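> One structure, as structure tokens, below. Some questions next.
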Amino acid sequence: MFKLTQRGRGLIIIAAIFVALSLYVKSEGAPLLTFTGLGLFLYIYVTKLTLEINTKVVGKLKFYRIVDSKVSEDDNVDVDLRVRNPSFMQLSSVEVIDYYPSTFRLTLGSNSAMLTVPGHGETSLRYRLKPTSIGKHHFDHLHVMIRDLAALFYYEVNMPLKAEIQVRPKTQQVLTPLTATALSTYAGALTSRRKGEGFEFADLREYNPSDEYRKIEWNASARANRLMVRETLAETHLHVMTILDASKSMIYGLRGQTKLDYSARAVATLLNYLSKRGDFIGLAVYNGVETQIKPLSRGRLQLHRLMDALSSVESQSESKEGFPKAIREAIVKGGIRGRGLFFIVSDLEGEMSSLINQFRTLKAMRHEVVVISPYSPLFEIGDLTGVDQIAYRIHASHSWKERGESIRAIEKMGIPIFHVGPEDLIPGLLTQVEELRRRGGS
């Protein structure tokens, strides 16, 4: 659609004034006014006609956006927008704006430019982005505009050029391996009761011919005056199913610092840690409408599957009604055989009666259940200071009491609930994993 610029509108008014004056002026200058006015109208018409020809060429342009479809939070995203002209006419001064996802930050170059596209040639626009949030993100469209040389008219169009980028959460390196004896936040010191092949010391006993020589503890043998061997705690493989609440109540806050962002990073770190230990891992992600489930398996391929699931998170609704169903589906479709460890990662906002009933089902099936709740006030208080922070703490304490009855009902079932902030998510998850491992695994 053609639109007049302010300059074009003014030139039309001037041309009309010249023609109008020629009708009223009874002098030798009247023909000159007429020719000047008509000349301006002719110039405006030819200018518009030239722009119409250029718009035909614009309609034939081919646009291509080259960008990685899967990246990590730590990666830079290089965008290469290419414009190809199949016609013989050169287009000058083509204004292009590439609308990138609002959850990305421009770090290098510009997403808009004035391009010259040669006939039967190609030109490109390059810029660099940085992701600020995990999950699935979309490029919307491309805005293209051309003007005539006198800038009297312009033509603009939005070109559909959609693309999708999946951003994987970054994982934290667990620098200090968790030892066999550690303090649980609610049950004291815990150690494994199973003896076997492992690394943690368990006990000493007298040597028998079937034992390997490398197990002989020579210092203890010298003191006892007979051969003694050491026993170690067995390494157990866990069956861990993580259920992540990715509904819209989890995405309030600053980009990259929402409850969902921190939770996804914690889950990614946990899955990476468990994969290296050889455990069976699975994942269910509830987006407010439907649930994506990846059954239990192990190995690097399984880890890649789960990371892809985390990178494709896209919150659809605030509704929590389907979250209990997500847990049921995870039990049925998760490939769990025997006893497993269920991590429920959710802010627990909204009505919880159905969720409590589902927890009872998990406990009746003799599964271990741990609830990690990214508690909203702990995430929001970080930006407040002074009196505002004190007032918010009072409000947070009151809101916690309001859901206290539901929390107590869950705790009575022997299910620990940890209300965590940004810094507590990863330690909370890893501590509970190692606690179950020390008690003999699943």
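All of the numbers you see were taken from the coordinates with simple rules; none came from a lab. Owing to the predicted nature of the structure, the values given are computational and were not obtained by experimental measurement. Backbone-built Cβ (ideal geometry, glycine too); neighbour counts: all protein chains shown.
> Could you list Arg214, Arg328, Arg337 so that the one with the fewest beta carbons within 10 Å of its beta carbon is first and the one with the most is last?
Arranged by neighbour count, lowest to highest, Arg214, Arg328, Arg337 become Arg214, Arg337, Arg328.
> Here are some pairs, Lys325/Lys363; Lys70/Lys170; Lys259/Lys412; Lys70/Lys130; which of them have Cα atoms lying more than 20 Å apart in this structure?
On the way: Lys325/Lys363 16 Å; Lys70/Lys170 13 Å; Lys259/Lys412 26 Å; Lys70/Lys130 13 Å.
Among Lys325/Lys363; Lys70/Lys170; Lys259/Lys412; Lys70/Lys130, the Cα-Cα distance tops 20 Å for Lys259/Lys412.
> Assuming a ≥ b ≥ c are the square roots of the Cα gyration tensor eigenvalues, decide whether region 302-362 counts as rounded (a/c under 1.5), prolate (otherwise, with a/b larger than b/c) or oblate.
In terms of gyration-tensor shape, oblate.
> Under 14 Å from the Cβ of Val345, count the other residues' Cβ atoms, weight Lys and Arg +1, Asp and Glu -1, and hand me the total.
-2
> Continuing with the same structure: Using Cβ contacts closer than 10 Å as the measure, can you line up Ser297, Ser27, Ser346 from fewest to most?
Listed from fewest to most nearby Cβ atoms, that is Ser27, Ser297, Ser346.
> Please order Ile426, Ile14 by the number of other Cβ within 10 Å, starting at the fewest.
Taking fewest neighbouring Cβ atoms as first place, the list is Ile14, Ile426.
> Let me ask something additional. Assuming a ≥ b ≥ c are the square roots of the Cα gyration tensor eigenvalues, decide whether region 1-156 counts as rounded (a/c under 1.5), prolate (otherwise, with a/b larger than b/c) or oblate.
Verdict is prolate for region 1-156.
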